[in-house]
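Okay, structure first, notes after.
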Amino acid sequence: MKLSQAQIGRPLYGGAAILGGLVWLVFWTFHTVAHGPRNPAPTEGTFLGYTALEHAERMMLIAPPLLAVALIGLLRYEWHGLRVLGRTGLGCTLAALAAMGLVSAGLGPWTLYALSVVGLCLGLVLLGVGTRRLIGWPSWSRLAPLIASIAIPLLVAARWPGSPLLRAGDVVGYALLEGIGVAFALCWIALGYGLGWGGPPSASIRRQRVTVPN
């Protein structure tokens, strides 16, 4: 049986995106429980012995490298399909993830983290413009970055200090905070599926075929 390099490589890159999304989801849930439903929240809250900030730091050390690998795969196999805006968004997203990882590792100021969040949101918008044009991907996978780029700012705004939604009870507060992480994680899981298994390898990129014994 003959498999192209794309047929072998795409699932690996897609799997990295899915794994990165799952890691983000798990640590964000830990962060949510430790943080609590209020905003601003008491800083002494913990879960499994760690504060919300410590869970976030671990998340930012583990997930971004996996997501960066997925972006490299997207760049490699869907370069032409993404077009100019999609490639620009991919670059912004990759740079933002790298900045987040540096700050979490103690190699940069927290002002850089704030800028990286803005860059990440902008990158997802542009990336979503590119992925929605990809052929062979399911629609929910192609549109995931655009949906996440809309949902995340809305949820952040809904949790802003003084928001009437925060006075609706702890359940609502927890749901809004958890929703931010869920939206981001599901975006990467959907991208991972599209990249790895959503369609045939891009016709615009031909790779040397390799032989795999039966």
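The values are calculated or read from the model by the stated rules, or taken from the named source; none is laboratory data. The model shown is predicted, which means the values in this text are computed figures rather than measured ones. Backbone-built Cβ (ideal geometry, glycine too); neighbour counts: all protein chains shown.
Just a yes or no: is a residue in region 47-61 in a loop (DSSP other than H, G, I, E, B), surrounded by fewer than 22 Cβ atoms within 10 Å (Cβ to Cβ) and either over 14 Å from the mean Cα position of the chain (by Cα) or not aromatic (Phe, Trp, Tyr) (or both)?
Yes, some residue in region 47-61 is in a loop (DSSP other than H, G, I, E, B), surrounded by fewer than 22 Cβ atoms within 10 Å (Cβ to Cβ) and either over 14 Å from the mean Cα position of the chain (by Cα) or not aromatic (Phe, Trp, Tyr) (or both).
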Look through region 99-111, keep the residues that are assigned to a helix (DSSP H, G or I) and surrounded by 15 or more Cβ atoms within 10 Å (Cβ to Cβ), and return whichever of them is modelled with the lowest pLDDT.
Ser104
Count - residues of region 70-103 that are touching a residue at least 40 places away in the same chain (Cβ under 8 Å), over 15 Å from the mean Cα position of the chain (by Cα) and under 16 Å from Tyr13 (Cα atoms)
4
Those residues of region 37-61 which are at positive phi and modelled with pLDDT of 90 or more, in sequence order
Leu48
From the set of residues in region 145-175 that are in a helix (DSSP H, G or I), in contact (Cβ under 8 Å) with a residue 40 or more places away in the chain and hydrophobic (A, V, I, L, M, F, W, C), which is surrounded by the fewest Cβ atoms within 10 Å (Cβ to Cβ)?
Val171
Arg133: more than 18 Å from Ile189 (Cα to Cα), in a loop (DSSP other than H, G, I, E, B) and among the basic types (Lys, Arg), yes or no?
yes
